[in-house]
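Structure first, then comments.
The values are calculated or read from the model by the stated rules, or taken from the named source; none is laboratory data. Bear in mind the structure is a predicted one, so any value in this text is a computation, not a measurement. Neighbour counts are summed over all protein chains in view; Cβ atoms, including those assigned to glycine, are modelled from backbone coordinates with ideal geometry. Each accessible area value is taken on the protein alone, full model and side chains, heavy atoms only, with ligands, DNA and RNA left out. Shrake-Rupley method; radii C 1.70, N 1.55, O 1.52, S 1.80 Å.
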Amino acid sequence: MIIAPISIWRQFACILFVINGLPIDFRDTNTSVLNFCLPLLLVATVELQTLPATMTLFNFFAALLLCGAFVLASSPAPTATPFSSKDLRPRFLQEAASLPRAGIFKDSVYTFPLVKKRASNSPAKAKRHGMIQLSTSDLLDEAYGIAISIGGQEVHLTLDTGASDLWVVTSSCKTPNGHNCTSNPEIPLYTPSKSFQSQNESFSIAYGAGPSSTFVSGKIGTDNVAIGNLSLLKQTFGSTVSTNDTIVNLFSGIFGMGHAGLSELMSADFEQQLLASNVSSMDAQSFLEIYFKALEKNAPLVPHMAASELISKPMFSMTLQREEPTSEGSNLGVLTLGGLPSGVSNDSLTWVPVKHYPTKTVISGHLKNLTVPTLLMNEVSKMLPSVPLRLEVPIDGLYVNGQMLLNSSEGNLTALLDSGTARTLLPSGAFKSPLLPQPDANGFVPCSTLYNISIGIGGQIFSIHPFDLVIPNQLNDTANCISGLGEASPPTETSTFSFLFGTAFFRSNLVAINLGNITNSKASPSSIGFL
């Protein structure tokens, strides 16, 4: 009795399939409902009016259950949500991989890609030579360099924001022991070209102090310099003829990117001009004219490029790349000259002013063989009270694993941005804090050490990646590592900073440096932005 009516309404359902012309797609739940359930339920509903109540109710609920079972059977199995393939890196990092080796010039901003190459089988060392890279070599993420042309000869220089001078080792350079300055035959050396012009002045630059200190010395001159497709005439630089600095086994020299007030080349020229004048009878205006003329004549490369209108402003930005110890967190580094990277606006950065030093302190540091009369120096200081000296900025505080270790209320905290140093240097008290892992007698920490460090700058927090706080000691040593932290020297009159942020900070953050106008700092102040 029941089977016959059920067969009847199922036959009617099949007829409806044909009439509707809707194909049954067992992979599509929506189509299955329309093609299968709707006709069944429609026929069963009609039967409620024509068949006995018991039979019709049975048929209706049977159709309902059959429809439900069919929908469940035809529903697709849940699938795992795929990981997004969208590149979440900033636009300038996304584009870095496609930039040509010589970089591109657009809207008065020069952008260079930073391609990493490593010196083989080299242990990590914490030293001041750890800089920015453009198609040269590094030492376990420590040293970074850029290829430029001087007098038509390509040389590879490290970029150092803790220095201001450009110097390059020459083919005639000798160590104090009479050996060749570099033992690496692959390092390109500079030979004075036909366009080289000597200024008949000598220079000497010392790095560090004590038995581990190094020096470079030579002659000051000018030659034509090119970076990518940017060409600059008569750039002042140091033609090095003697050094004991081992950096020349990795690079041809140093490309200082700091303020001109820190330039040893400028100091030599400034003092020579004063010695040739009668300082005792000089007024403050005449003294400052000689000072500004020396600054202009010996301007570092970036300000010189801006003054020559090759770039729109004396500004550059850099973020370094990371590849050790794994690819996690790695990125491509970028260097820009004249502005910010593609897709980055001024408003997106946290800007803070560069610290100024008393003009008397800065000028006294320039002069080694001359003392300026006190009365004259006082008048100079009234006309020009202070000038920027280092790329030094105020910081709000230091945090370890989210816990504040130091804050600005405990004293005037400032930090030097120095891409020429590998480590992050902290004040003695902070470095020895129990919140931080302490090195053993050999200076090692366990490679399994993991902690977080953040710095407050301009009301925002900027972190250093944990990978940069524990540095591999040797390529095959996974137990003992070098601490990425170090103890900073106590502040002095000419170096008031208590923190130093080296390449580790540059690998975790974009740093933009506007050198401003030292002769008119009120109209164009120097500042540093962080992102």
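Comparison of 263, 217 shows that the only residue that is closer than 25 Å to residue 421 by Cα and open to solvent by less than 10 Å² (accessible area, probe 1.4 Å) is 263. Total residues in the stretch 278-307 satisfying the condition of being loosely packed, with under 14 Cβ neighbours inside 10 Å, at pLDDT below 90 and either touching a Phe, Trp or Tyr at 6+ places or on another chain (Cβ under 9 Å) or not in a helix (DSSP H, G or I) (or both): the figure is 1. Within the stretch 240-257, the set of residues being open to solvent by 10 Å² or more (accessible area, probe 1.4 Å) and either within 14 Å of residue 219 (Cα to Cα) or among the hydroxyl-bearing types (Ser, Thr, Tyr) (or both) comprises 241, 242, 246. Scanning the stretch 432-458 for residues that are under 21 Å from residue 472 (Cβ atoms) and among the hydrophobic types (A, V, I, L, M, F, W, C) turns up 436, 441, 444, 445, 447, 450, 453. Exactly one residue among 183, 164 is open to solvent by 20 Å² or more (accessible area, probe 1.4 Å) and either at pLDDT below 90 or more than 24 Å from residue 487 (Cβ to Cβ) (or both), and that residue is 183. Give me the residue from the stretch 437-475 that is at negative phi and of a type in the set (Gly, Ala, Ser) and, out of that set, least open to solvent (accessible area, probe 1.4 Å). It comes out as 456.
Scanning the stretch 308-331 for residues that are in contact with a helix residue (DSSP H, G or I) (Cβ under 9 Å, 6 or more places away or on another chain), open to solvent by less than 50 Å² (accessible area, probe 1.4 Å), at pLDDT below 70 and in a loop (DSSP other than H, G, I, E, B) yields 324, 329.
Evaluating residue 222 against the criteria (1) open to solvent by less than 10 Å² (accessible area, probe 1.4 Å); (2) outside any helix (DSSP H, G or I); (3) closer than 19 Å to residue 199 by Cα leaves one unmet condition, (1). Here the condition is being hydroxyl-bearing (Ser, Thr, Tyr), under 28 Å from the mean Cα position of the chain (by Cα) and assigned to a strand (DSSP E or B); of 236, 240, it holds for 236 alone.
If you go through the stretch 206-219 and keep only what is in contact (Cβ under 8 Å) with a residue 40 or more places away in the chain and outside any strand (DSSP E or B), you end up with just 208.
Please determine whether any residue of the stretch 129-137 is more than 26 Å from the chain's Cα centre (by Cα) and either at pLDDT below 90 or not in a strand (DSSP E or B) (or both). The answer is no; no qualifying residue exists.
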